[in-house]
Amino acid sequence: MSEQQTTTEVAVDEQPAAAPAGRASHRSWRTLAENNALLGLLILIGAFFALLPKSRDVFLSPENVAVLLGNQATVALLALAAIIPLISGYFDFSVGANAALSTVITAGMMSFHHLNAMVAILIAVTISSLIGLVNGILVTRFGLNAFVTTLGMATLLGGVIQWYTGGQTILKDISVKLINFGSINIAGIPQVVYVVLVVAAILWYVLTHTPFGRSLYAIGANPRAARLVGVRSDRYVAISFVMAGAIAGLTGVIQLARVGSATADSGNTLLFPALAAAFLGATAVRPGFFNVVGTLIGVLFVSVAVSGLTLAGADAWVSPVFNGAALLVAVGLSSWLGRHRNAT
């Protein structure tokens with residue numbers, strides 16, 4: 001966060017001391033409601049499907065909760081990857097394809113080249129990080145539009161995936177230990193969920209308690225002001241794309257662990273729910289700002305709603321329609337909240 005933002009927030013915090021108690025209390029309750037609206041809505045939707053006759057017998061069962069959390073681990077990781085460039089004001093539409101490529105490379109290194117699982121994972125995550133670096137260089141050094149650049153990268157990676165797999169599913173010689181890691185539960189919760197929590201905790205600390213994270217928020221809020229106070233914007237933005245690529249690479253590995261095979265998928269099936277969760281997350285905890293905790297709440301909101309609708313007997317088209325609607329609403333709300341926060 002920039003010094004200008006910090007000064008503004010301090011000034012706002014100091015005003016209630018001189019304001020009437022009623023106005024201060026009203027402002028406090030309004031802020032509390034705004035910050036936790038999405039969480040409250042998540043609880044209401046969960047309660048609705050827990051009581052709905054068609055879904056209540058299965059919705060809160062340990063088995064369904066474990067499946068829901070395990071299946072959403074990859075969406076959560078990809079959403080966390082997406083918010084890093086978004087914080088600094090840049091889209092990265094290649095994270096989904098990057099994750100899909102990582103899945104294919106990890107499986108291919110084991111199936112085609114008979115490499116150890118750990119070596120295959122390191123190769124895949126390194127390649128995904130390098131793809132993020134290329135994105136960062138194209139956007140910062142050459143001044144290309146991030147939207148178009150990452151969309152082009154996603155298309156390119158989709159072609160690479162088709163070429164590498166030959167359009168076939170990679171099944172042979174996938175590490176049994178890796179597959180077991182993706183399927184085993186600890187205390188009723190899939191192991192992959194703990195990976196998400198560790199990544200989220202590290203990312204939360206980096207974004208909120210380090211100069212790098214505060215600089216990213218400053219760049220996203222006002223790039224020109226950030227440069228004037230000495231923030232090395234190009235370097236930080238490039239690093240944000242590398243971090244997004246690395247987490248996307250890890251997402252691909254987790255996807256392989258969960259599914260046990262790699263298909264010639266473009267990554268869009270993960271990308272759009274992840275973006276919906278990321279933008280929904282910008283309406284919670286710190287409305288108007290992309291943030292880690294809000295993103296995780298956004299993931300749960302989308303997944304709980306879709307799971308409940310499926311158990312209630314909704315048709316197959318309901319899930320993509322809900323994801324698309326959630327993304328549209330989330331983008332609108334996060335944009336409005338960002339303008340509202342800046343105005344105040």
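The values are calculated or read from the model by the stated rules, or taken from the named source; none is laboratory data. Everything quoted here is computed from the prediction, not taken from an experiment. Reconstructed Cβ throughout: ideal geometry from the backbone, glycine too, with neighbour counts over all protein chains shown. We work out accessible area using only protein heavy atoms, side chains counted, and drop any ligands, DNA or RNA first. Shrake-Rupley method; radii C 1.70, N 1.55, O 1.52, S 1.80 Å.
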Exercise. Which of the residues belonging to segment 166-178 are within 20 Å of LEU270 (Cα to Cα) and touching a helix residue (DSSP H, G or I) at 6+ places or on another chain (Cβ under 6 Å)?
Worked result: ILE170
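On the given criteria, is ASP265 open to solvent by 20 Å² or more (accessible area, probe 1.4 Å), over 17 Å from the mean Cα position of the chain (by Cα) and under 26 Å from THR155 (Cβ atoms)?
Details: open to solvent by 20 Å² or more (accessible area, probe 1.4 Å): yes; over 17 Å from the mean Cα position of the chain (by Cα): yes; under 26 Å from THR155 (Cβ atoms): yes.
Judged against the criteria, ASP265 is a match.
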Exercise. Condition test on PRO287, is it surrounded by fewer than 24 Cβ atoms within 10 Å (Cβ to Cβ) and either touching a helix residue (DSSP H, G or I) at 6+ places or on another chain (Cβ under 6 Å) or not polar (S, T, N, Q) (or both)?
Worked result: yes
Exercise. If you check ARG258, ARG235, which single one turns out to be open to solvent by 10 Å² or more (accessible area, probe 1.4 Å), over 26 Å from SER319 (Cβ atoms), of a type in the set (D, E, K, R) and outside any loop (DSSP other than H, G, I, E, B)?
Worked result: ARG235
Problem set entry | Neighbours by Cβ (under 7 Å, 6+ apart or cross-chain): first from segment 280-297, more than 20 Å from ALA244 (Cβ to Cβ); second at pLDDT 90 or above and outside any helix (DSSP H, G or I) | VAL285/ASN291
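Looking only at segment 131-154, how many residues end up being among the β-branched types (Val, Ile, Thr) and touching a residue at least 24 places away in the same chain (Cβ under 8 Å)?
Result for segment 131-154: 5.
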Seminar exercise, completed: Residue pairs qualifying under the 9 Å Cβ cut-off, at least six apart or on distinct chains, with the first in segment 53-71 being without any contact (Cβ under 8 Å) to a residue 40 or more places away in the chain and the second being open to solvent by less than 70 Å² (accessible area, probe 1.4 Å) and assigned to a helix (DSSP H, G or I), are ARG56/PHE49; ARG56/ALA50; ARG56/LEU311; ASP57/LEU311; LEU60/GLY46; LEU60/PHE49; LEU60/ALA50; VAL67/SER307
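Kindly provide the set of residues from segment 168-177 that are aliphatic (A, V, I, L, M) and closer than 17 Å to ALA100 by Cβ, ordered by number. Can you show your working first?
Filtering segment 168-177 for residues aliphatic (A, V, I, L, M) gives 170-171, 174, 176.
ILE170, LEU171, ILE174 - these are the residues of segment 168-177 that are aliphatic (A, V, I, L, M) and closer than 17 Å to ALA100 by Cβ.
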Problem set entry | Any hit, segment 279-290, residues being in a helix (DSSP H, G or I), closer than 30 Å to MET118 by Cα and out of contact with any strand residue (DSSP E or B) (no Cβ under 6 Å at 6 or more places or on another chain) | no
Exercise. What about LEU275, is it touching a strand residue (DSSP E or B) at 6+ places or on another chain (Cβ under 7 Å), surrounded by 21 or more Cβ atoms within 10 Å (Cβ to Cβ) and in contact (Cβ under 8 Å) with a residue 24 or more places away in the chain?
Worked result: no
For this session: Look through segment 198-215, keep the residues that are exposed (fewer than 14 other Cβ atoms within 10 Å of the Cβ) and farther than 13 Å from ASN291 by Cα, and return whichever of them is nearest to the chain's Cα centre (by Cα).
Result: VAL198
